[in-house]
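Report on the following structure.
The values are calculated or read from the model by the stated rules, or taken from the named source; none is laboratory data. Quick caveat, the model's predicted, so the values are computed rather than measured. Virtual Cβ from ideal backbone geometry, glycine too; neighbours counted across all protein chains shown. Accessible surface areas use protein heavy atoms only, side chains included; no ligands, DNA or RNA. Shrake-Rupley method; radii C 1.70, N 1.55, O 1.52, S 1.80 Å.
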Amino acid sequence: MALSSFDIDAPRWDQSTFMGRLKHFFNITDCRTALLPDSRLDEAKALVESCRAGSVPPGTTVEQLYYAKKLYDSAFHPDTGDRMNLIGRMSFQVPGGMAITGFMLQFYRTVPAVVFWQWVNQSFNALVNYTNRNAASPITPKQIGIAYVTATSTALATAVGLNLYTKKAPPLVARWVPFVAVAAANCVNIPMMRQQEILNGIAVTDENGNKLGHSKKAAVKGIAQVVISRVTMAAPGMIVLPIIMQRLEKYKFMQRITFLHGPIQVMLVGGFLIFMVPAACSLFPQRCSMAVSKLEPELRDSIMSQYGDSVRHVYFNKGL
């Protein structure tokens, strides 16, 4: 195959199937890519852009192109092409998420600990949500601040309220409080951080990438899918792990190493997240579609008047 005609943006795996998307996200959420210096990422971007321009450097192999695209997808925003901040990248979800979630699950008994770790988690989530938004819909610093405060307040109110409410409940119920707080906050954090998309709509295109207009309904669909994915990402580790830890803590050897319970939970959460981050991202296609018939009447009529029945679906980046 002539590399000058190699389509580097063509999906390596079938994105219409869950397994195809799972392979794709296992590839780009590889936490090892988070350790690479910016200079290496910029080299990968340069190679990707050269390939797009049809001028692949002599001696470049297909595997080198695939690896460059892996680094590009893991570190650069799909809408803008700008390098994303390290903490907000999906490739940082495993190391970042395992540390924060592990300590949330460990330090759930006292109100100060609950407040601190929920605040840390929501700060992390806010940065991830902002980094992976649909960048075609800008958000102001004021809106970012309101979104952050609202989501953090929701998480704290839920966690502290349930923490106090479950004082007399079985120990396992109290261990599940962090997950309920995280789920509730995600339902607030993501829509608030991406409120501009809901208020003004997001850009929708035909299957060839030709812009057709902006749709609020498409924004709502995309954001709802992201909320579901994020809650799913956290669920196994935050629901199953407390059960495991409660049983482990009954053994004498675990009672002798209470100082290691936190690090043990961090490592176990990491085991869950290595699989759950790509799996949750794979639940829905990143290039989301929506039937023209389900769009706002004005946009639907505009598309119908210009294209008739030739355009039946619109496409948009739902973000991660």
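In the stretch 166-193, of all residues being polar (S, T, N, Q) and closer than 23 Å to V220 by Cβ, the one that is surrounded by the most Cβ atoms within 10 Å (Cβ to Cβ) corresponds to N189. In the stretch 256-283, which residues are outside any helix (DSSP H, G or I), in contact with a helix residue (DSSP H, G or I) (Cβ under 7 Å, 6 or more places away or on another chain) and open to solvent by 50 Å² or more (accessible area, probe 1.4 Å)? Result: L283, single match. I'd like to know if the stretch 201-216 contains one or more residues that are within 24 Å of D79 (Cβ to Cβ), open to solvent by 20 Å² or more (accessible area, probe 1.4 Å) and part of a helix (DSSP H, G or I). Scanning the stretch 201-216, I find at least one residue that is within 24 Å of D79 (Cβ to Cβ), open to solvent by 20 Å² or more (accessible area, probe 1.4 Å) and part of a helix (DSSP H, G or I), so the answer is yes.
Which of the residues that make up the stretch 284-320 are among the hydroxyl-bearing types (S, T, Y) and open to solvent by 70 Å² or more (accessible area, probe 1.4 Å)? Can you show your working first?
Of the stretch 284-320, the ones among the hydroxyl-bearing types (S, T, Y) are 289, 293, 302, 305, 307, 310, 315.
Matches in the stretch 284-320: S293, S305, Y307, S310.
For the condition at pLDDT below 75, polar (S, T, N, Q), touching a Gly at 6+ places or on another chain (Cβ under 6 Å) and open to solvent by less than 20 Å² (accessible area, probe 1.4 Å), N163 does not qualify. If you check R133, R109 for being over 27 Å from F316 (Cα atoms) and among the charged types (D, E, K, R), only one passes: R109.
Yes/no matrix, rows are residues, columns are (1) closer than 28 Å to F316 by Cα; (2) at pLDDT 85 or above; (3) in the same structural domain as L35 (by the TED database); (4) not small (G, A, S):
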position: D79; (1), (2), (3), (4): yes, no, yes, yes
position: M104; (1), (2), (3), (4): no, no, no, yes
position: W119; (1), (2), (3), (4): no, yes, no, yes
position: P138; (1), (2), (3), (4): yes, no, no, yes
position: I144; (1), (2), (3), (4): yes, no, no, yes
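The residues on offer are I303, I243, and the sole one that is within 20 Å of F179 (Cβ to Cβ), out of contact with any Pro (no Cβ under 6 Å at 6 or more places or on another chain) and part of a helix (DSSP H, G or I) is I243.
This table checks each residue for (1) under 17 Å from C187 (Cβ atoms); (2) buried (at least 20 other Cβ atoms within 10 Å of the Cβ); (3) out of contact with any Lys or Arg (no Cβ under 8 Å at 6 or more places or on another chain).
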{"position": "G102", "(1), (2), (3)": "no, yes, yes"}
{"position": "Q118", "(1), (2), (3)": "yes, yes, yes"}
{"position": "Q122", "(1), (2), (3)": "yes, yes, yes"}
{"position": "T140", "(1), (2), (3)": "no, no, yes"}
{"position": "Q143", "(1), (2), (3)": "no, no, yes"}
{"position": "A147", "(1), (2), (3)": "yes, yes, yes"}
{"position": "T150", "(1), (2), (3)": "yes, no, yes"}
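The set of residues in the stretch 217-226 that are out of contact with any Lys or Arg (no Cβ under 7 Å at 6 or more places or on another chain) and buried (at least 17 other Cβ atoms within 10 Å of the Cβ) comprises A218, A219, K221.
Mind listing just one residue for me: the one in the stretch 54-78 that is open to solvent by 30 Å² or more (accessible area, probe 1.4 Å) and under 28 Å from the mean Cα position of the chain (by Cα) and, of those, farthest from D42 (Cα to Cα)? Only one residue tops the list, namely E63. For the residues S39, S50, the requirement of being surrounded by 14 or more Cβ atoms within 10 Å (Cβ to Cβ), polar (S, T, N, Q) and outside the structural domain of G209 (by the TED database) singles out S50.
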